[in-house]
Amino acid sequence: MMAFRYLRARKAEGFVSIIATFSFLGIMLGVATLIIVMSVMNGFRAELVGRILGLNGHLNIYTVGAPYAGYYDAANKIRTLKGVKNVLPMIESQALLNAQGTAKGVMVRGLYTQDILARKVLAESLLAGSFESLDVHKVAIGIDMANKMNLHVGSKLTLTAPKGKPGPFGTIPRQRQYEIGAVFDVGMFEYNANFIFMGMDDARKIFSVPQNAVTFLEVHLADADLTDNMKDQIEILLNGDAGVYDWRNANKSFLNALAVERNVMFLILTLIIIVAAFNIISSMIMLVQDKAHDIAIMRTMGAGRNSILKIFVLVGAAIGIVGTICGALLGIGFALNIESIRQVLESMTGTELFAAEIYFLSQLPAEVEWHEVIGVVSMSLFLSILATLYPAWKAARMDPVEALRYV
């Protein structure tokens, strides 16, 4: 009861109440911001990793300096391993694209039609045309490439391979014209703007790959956590005939950058909660000084030091607990609806807040991990209660005689 009455400041205690209000707002905004940022970082990583693994294998098997000849037997052996979901042969190479008077470098991937359809991320991204048509001199391009170069299903484009064919007057560039048979949107700007998919036979012809060879084999696993174990098994199975590298090696710098950024953001935003906790200390010390007369009277009426300690701990803890709960609710609600909020803000300001060219994704992702929310809430409650101990201890140690002498 006493703690609740002290929270309702009278007119003479207005300044103390203002500091307590700022402490409450600081705790609330700190917790909310930390939950929102951590959720966006989690969603960003999960979305990128999911799309990377949806368009690439967990493991790639290759030979150095030449196409992987005799891959068929190796693929059959790898498919027998427990934990292997699929093994897909692929031809991949860079090429020069010419269309509508514009040229740009692209990455071309040649696959069998059934393997394209087996990729869930790619199969579900179809916007126009059909992936089944890629066997007959047709290709699939991303929506960003189509928009930038004014292309659509039925348009023509020319690809120039980096490896030409020898002629009487030197090396002649190997060029072929293709029709656009499909347009896709996988939600990643890098693939939508720079990747072209075609049939395996067309890829062999333009890149001069022998009939019994591919650039590499993609191994898709049932679980990404099996990567290390399966890599060791496949290396033993291949016995040095080919090399193996996993998706983490291919994206190592990118994943490390995400991890470092996530940890740094957590430390920086935690400082907001720490600053708010210091505000609680200052407001509580001022409240103790202001209530010195009341403390002395309660002590002379028989209140023990533990009772005084409890009163002021409850006053400070109430600010931290209510601020933490409000901040957690605000942060969770914001994180779960962040894409809708982004669209509203963009429509109001007329600016693009989340450019796909910069962030690789076309939508702002957020993934609330509840164990992190519990960790943030626990940390905030701990700091808030810790901040009340010194002012409450000071109030409990106050000598009633000294307090009443100057009244």
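For the reader, a short list of remarks on this structure follows.
- Under the Karplus curve 6.51 cos²θ - 1.76 cosθ + 1.60, θ = phi - 60°, whole-Hz ³J(HN,Hα) for the stretch 186-197, x wherever Gly or Pro sits: 8, x, 10, 4, 4, 7, 5, 9, 10, 10, 10, 10
- 5 angstrom amide H check on Phe184, placed H, neighbours 5+ away: Leu127, Ile141, Gly142, Ile143
- Residue-wise HN-Hα couplings along the stretch 97-104, as the Karplus relation 6.51 cos²θ - 1.76 cosθ + 1.60 with θ = phi - 60° gives them from phi, are 9, 10, 7, 6, x, 10, 10, 7 Hz; Gly and Pro carry x.
- Label-point separation in nm, Thr102 to Ala128, each point 7 Å along Cα→Cβ: 1.4 nm
- Take each peptide in 207-219, 189-201, count the other Cβ atoms within 10 Å of every residue, and average; sorted highest first, the result is 189-201, 207-219.
- Length gained when the stretch Ser155-Met265 is fully extended (0.36 nm per residue, less Cα-Cα span): 35.0 nm
- Prolate/oblate/rounded call for the stretch 17-114, Cα gyration tensor, a/c under 1.5 rounded: oblate
- Once the Cα-Cα distance is subtracted from the 0.36 nm per residue extended length, the Lys120 to Asn229 segment shows a gain of 36.8 nm.
- Candidate aspartates and glutamates for bridging to Lys394, where Cα separation is under 20 Å - those fewer than 8 sequence places away on the same chain excluded: Glu13, Asp290, Asp294, Glu402
- A Förster radius of 60 Å combined with the Cβ-Cβ distance from Ile18 to Thr113 puts the calculated FRET efficiency at roughly 0.30.
- The simple spin-label model puts a point 7 Å past each Cα toward its Cβ; for Ser378 and Ala69 those points are separated by 6.0 nm.
- Across the stretch 106-118, coupling constants 3J(HN,Hα) worked out from phi with the 6.51/-1.76/1.60 Karplus curve, θ = phi - 60°, read 9, 9, 10, 10, x, 9, 6, 4, 5, 6, 5, 5, 6 Hz, and Gly and Pro carry x.
- In the stretch 144-225, Cα pairs under 8 Å separated by at least six residues give a relative contact order of 27 percent.
- Here's the list of lysines a cross-link from Lys138 could span, going by alpha-carbon distance under 17 Å and ignoring same-chain residues fewer than 8 apart: Lys156, Lys205.
Bear in mind that the values in this text are calculations on the coordinates, not laboratory data. In this text the structure is predicted, and so the values were computed from the model without any measurement. Note that we place each Cβ from the backbone using ideal geometry, even for glycine, and neighbour counts take in every protein chain shown.
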